[in-house]
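Here is the structure we will look at, set down as structure tokens.
The values are calculated or read from the model by the stated rules, or taken from the named source; none is laboratory data. Because the structure is a prediction, the values reported are computed rather than measured. Ideal geometry is used to build each Cβ from the backbone, glycine not excepted, and the neighbour counts take in all protein chains shown.
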Amino acid sequence: MSDATGYLAPAFDAEGAPFWEGTRTGELRVQTCAQCGHHRFPPRPMCPVCRSTEERWEVMSGRGTIWSFVFPHPPLLDAFMALAPYNVIVVALEDDPTIRLVGNLVSGPGAPINSVPHDEIEIGLTVQVVMEEVDDGLFLPRWVRA
């Protein structure tokens, strides 16, 4: 469901609460099985490897590489209408490349989404996460070149 800003409001449930708490403090947290150590994202109640329901949350380095990217035409959300086309990247985390997060590549913390020229975005580019407050208390992971 969209809020007044046009952003798709995340599900603030018990499963994902530690992730969103981390974004507010500048940490990229990933749910991890307390039994076998398997990272999982998005969070879920049971480990797909060992079926344990025990979990912990680990702070990741926030470094990764661009695994894929697109430039949506037209935008997927109303909040991005004036920005289209804009970049949407999929980042494979350095800590565990099987964990992939979606976001936008920006030129620096607080920079607008289209601050990186489209022709400078490529698969394999090393990036670092930054948390961007997009609404009152809502922080989203964005990415900058490492």
Candidates VAL130, VAL70, VAL144, VAL90, filtered to the one that is surrounded by fewer than 19 Cβ atoms within 10 Å (Cβ to Cβ), within 24 Å of PHE12 (Cα to Cα), among the β-branched types (Val, Ile, Thr) and not assigned by TED's automatic domain parsing to the domain that holds THR32 = VAL90
Test for SER115: is it assigned by TED's automatic domain parsing to the domain that holds ARG145, of a type in the set (Gly, Ala, Ser), more than 17 Å from the chain's Cα centre (by Cα) and modelled with pLDDT of 90 or more | yes
List the number of the failed condition for GLU55; all other conditions in (1) modelled with pLDDT under 95; (2) more than 18 Å from GLU122 (Cα to Cα); (3) not hydroxyl-bearing (Ser, Thr, Tyr) hold.
-> (1)
For region 12-30, enumerate the residues that are at pLDDT 95 or above and in contact with a helix residue (DSSP H, G or I) (Cβ under 7 Å, 6 or more places away or on another chain).
-> LEU28, ARG29
